[in-house]
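Worksheet for the structure shown next.
The values are calculated or read from the model by the stated rules, or taken from the named source; none is laboratory data. All values reported here derive from a predicted model rather than from experimental measurement. Positions of Cβ are generated from backbone atoms using ideal geometry, with glycine treated the same way; all protein chains shown enter the neighbour counts. Calculation scope for accessible area: heavy atoms of the full protein, side chains included, ligands and nucleic acids excluded. Shrake-Rupley method; radii C 1.70, N 1.55, O 1.52, S 1.80 Å.
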Amino acid sequence: MGDARTNIAAVESNILQSFLVNNPEVEFFRFQWVDYSGVVMVRILTKSFVLSLDEKGQKLSTPSPILTACLIDASLLIEDIQSGIDQMWPDWSSIRVNSYHPNTASVMCFVEEGEQEEGKAFRRCPRSRLREITQVAKTKHDIDLLVGMELEFFIIEEANGVAQPVKTVPHVYSAASLRNKYIPILEKIVQAFQKAGIEVRQFHSEGDSGCYEISTEPLPPLQSADALYFCHETIRAVCAQHGLRATMFPKPFEKNSIVGSHYHLSISQKEKEDRFLAGLLASWRALAAFYQPNYDSNARVRPGERITWGLENKTTSIRKIRSGHWELRGPDATANAYLALMAIITAGLTAIDNGKELKMKNVTKIMVPGPLDDKEAEELGVVDRQPKSLKEAIESLSADQVLKEAIGPEVVEKYISLKTKEEAKMAQMVQSERRTLGITLF
């Protein structure tokens, strides 16, 4: 990225100026990035300050290391704090007006770490790394990638100081579950998405009181992750305007449904799909450290279930929908989507590079309530199981030498270090404390 900084800055400045001409009402800019704990971080800049930075060719400065020194509970890793500064590079191509608050716009940022050696200042930046791996997919393999998102969430209210789902008919898809005062809120949310250029396919109830899903059209991976965070914040903000809350935390309530964040991933080169899928399956256990990174992520899955794939089988880890198109059912909304997608795509491309063969057969058995037995698993070539905890996921990532080498030590070592400390910190909290924190952040 560093070699093209001047050209990037010129293009970005033109985008900003054009945006301001078309949106003169915008007064504030939310500079956003997602740290290694999966938390969306924001600084709000005035228009005058943004224009001043742009005119001088300067970036927003922050303490270093802004990506990796804060745990999910906001506690600082003092031992990791360094002197110096990081810089936020706004990607103006990601800018969107917040229609629920139209004098404000959001823009996602690349993070340049000031204390890294020459040429490595962006090596730990999740957005930079996701952009890089999609460029590799295109230039090295002629593969275009698309990602569609399923946004599941609860609308919740406070009752006697306790968060609980709003009361609706607990029935998936039924018309009865949509006859309530919350549907206009959902419609306003969807309208806000579409005003921002994020196309929606459908929305519906998701089977439990106050639980809904909105599905978006596929976009290239970087743009899809950007859209995901815009959508999450829009859902929360619109609900807040109605005196309610929203959460995408995977298991926010003890007795209610689970909340996922499934990725629909497709590749253009269908003849390479088996090797790509083989790479995902080989590292799926290790990849869980990225796509299920919360202490309580496993509360929404069957811990220790076998890692499988199957054609239109929603009880497998990876559901194949059609040639070159899969639904990845593991991810939840506590993941840093940039890191998760980067790691997943890296695993698939590495398998293509290595000529890895797909040995696991299509699993047709519906594994609810009965999983595969040992004999069935052996016949199908099913080898691994999902980790039973975040600790196991971290250990699996640490042990997956192929994936670690492909991603690189800059990301993996720091990520494992942070998540190990986070897991230990969360283990000291009772479940209700973790859920309260999770509902607040996610």
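Mind jotting down the distance between the C-alpha centroids of region 323-390 and region 97-165, whole Å?
After rounding, the separation between the Cα centres reads 23 Å.
Could you tell me which of His232, Gly210, Ile189 has its Cα farthest along the dipole of region 170-261 towards the positive end, charges placed at Cβ (Lys, Arg +1; Asp, Glu -1), taken about the Cα centre?
So the residue furthest toward the plus end is Gly210.
Starting at the first residue of region 60-73, write each ³J(HN,Hα) from the Karplus equation 6.51 cos²θ - 1.76 cosθ + 1.60 with θ = phi - 60°, in whole Hz, x for Gly and Pro.
With coefficients 6.51, -1.76 and 1.60, one gets 6, 9, 9, x, 10, x, 5, 7, 10, 10, 10, 7, 4, 8 Hz.
Sorted by average packing, counted as other Cβ atoms within 10 angstrom per residue and highest first, what order do 301-313, 354-366 take?
Highest-to-lowest ranking by the protection proxy: 301-313, 354-366.
In a shell of Cβ-Cβ distance under 10 Å around Glu327, excluding Glu327 itself, what net charge do Lys and Arg (+1) and Asp and Glu (-1) give?
+2
Measure off 7 Å from each Cα along the Cα-to-Cβ vector at Ser75 and Lys388, then give the distance between these two points in nanometres to one decimal.
So the two model labels end up 2.6 nm from each other.
Would you mind telling me which residue in Thr139, Thr334, Thr216 has the biggest mean-square fluctuation in a Gaussian network model of the chain, where springs connect alpha carbons within a distance under 10 angstrom?
Thr139
Do any of Lys388/Lys421; Lys56/Lys419; Lys188/Lys270; Lys320/Lys356; Lys59/Lys421; Lys56/Lys414 go past 26 Å between their Cα atoms, and which?
Over 26 Å Cα-Cα: Lys56/Lys419; Lys188/Lys270; Lys59/Lys421; Lys56/Lys414.
Binning every alpha carbon pair distance of region 274-380 at 10 Å from zero, what are the percents per bin?
Going from the shortest bin to the longest, the percentages are 14, 46, 35, 5.
Provide the FRET efficiency to the nearest 0.05 for the Ala399-Val200 pair, computing r from the beta carbons and using R0 = 35 Å.
0.30
Can you run the Rg to Rh ratio on region 1-148? Use alpha carbon positions and the Kirkwood inverse-distance Rh.
Rounded to two decimals, Rg/Rh equals 0.98.
Compute the whole-percent fraction of alpha carbon pairs in region 44-121 spaced more than 16 Å apart.
Considering region 44-121, 62 percent of its Cα-Cα pairs are separated by more than 16 Å.
Over region 1-159, average the accessible area per residue using a 1.4 Å probe and give it in Å², no decimals.
44 Å²
Using +1 at the C-beta of Lys and Arg and -1 at the C-beta of Asp and Glu, which of Ser61, Trp33, Val259 has the Cα lying farthest in the positive direction of the dipole of the chain?
Val259
So which trypsin sites (Lys or Arg not before Pro) in region 74-125 pass both tests, a DSSP loop state and at most 11 other Cβ atoms within 10 Å of the Cβ?
Filter output for region 74-125: empty list.
Only four residue types carry charge here, +1 at the Cβ of Lys and Arg and -1 at the Cβ of Asp and Glu. Report the dipole size of region 192-242 about the Cα centre in Debye, rounded to the nearest 20.
The dipole of region 192-242 has a size of about 160 debye.
For Ala343, what is the net charge nearby, where nearby means another residue's Cβ is under 12 Å from its Cβ and Lys, Arg count +1, Asp, Glu -1?
Value of the local net charge: +1.
Quote to one decimal, in nm, the extra length available between Ala159 and Ser268 on full extension: 0.36 nm per residue of separation minus the C-alpha distance between them.
34.3 nm
With +1 on each Lys and Arg Cβ and -1 on each Asp and Glu Cβ, how big is the dipole of the chain about its Cα centre, in debye rounded to the nearest 20?
840 debye
So for the pair Lys167, Ser48, with labels modelled 7 Å out along Cα→Cβ, what separation do we get in nm?
For the pair Lys167/Ser48, the computed spacing is 5.1 nm.
I need the shape label for region 306-357. Rule: rounded when a/c is under 1.5, else prolate if a/b > b/c, else oblate, with a, b, c from the alpha carbon gyration tensor.
The shape class here is oblate.
Explain nothing, just the number: dipole magnitude of region 145-297 about its Cα centre with +1 on each Lys and Arg Cβ and -1 on each Asp and Glu Cβ, in debye rounded to the nearest 20.
Taking the Cα centre of region 145-297 as origin, the dipole is about 160 debye.
What percentage of the solvent-accessible surface of region 269-423, computed with a 1.4 Å probe over protein heavy atoms, is contributed by carbon and sulfur atoms?
49 percent
First measure r as the distance between the Cβ atoms of Gln191 and Thr139, then evaluate 1/(1 + (r/R0)^6) with R0 = 45 Å and state the FRET efficiency to the nearest 0.05.
About 0.75, to the nearest 0.05.
At 0.36 nm per residue, minus the direct Cα-Cα distance, what do Gln241 and Ile85 gain on full extension? Give it in nm, one decimal, please.
52.6 nm
Counting only protein heavy atoms and a 1.4 Å probe, tell me what percentage of region 83-157's accessible area is made up of carbon and sulfur.
46 percent
Find out how many positive minus negative residues lie around Trp92, taking Lys and Arg as positive, Asp and Glu as negative, among other residues whose Cβ is under 10 Å from that of Trp92.
Once all neighbours under 10 Å are counted, the net charge is -3.
Which listed residue (Gln386, Gly330, Gln401) has the Cα farthest towards the positive end of the charge dipole for region 327-408, taking +1 on Lys and Arg C-beta and -1 on Asp and Glu C-beta about the Cα centre?
Value computed over the given set: Gly330.
Can you give me the solvent accessible area of Arg435 with a 1.4 Å probe, rounded to the nearest 10 Å²?
30 Å²
For region 180-186, what does the Karplus curve 6.51 cos²θ - 1.76 cosθ + 1.60, with θ = phi - 60°, yield as ³J(HN,Hα) per residue in whole Hz, taken in order and with x for Gly and Pro?
3J(HN,Hα) across region 180-186, in whole Hz: 7, 6, 8, 4, x, 5, 4.
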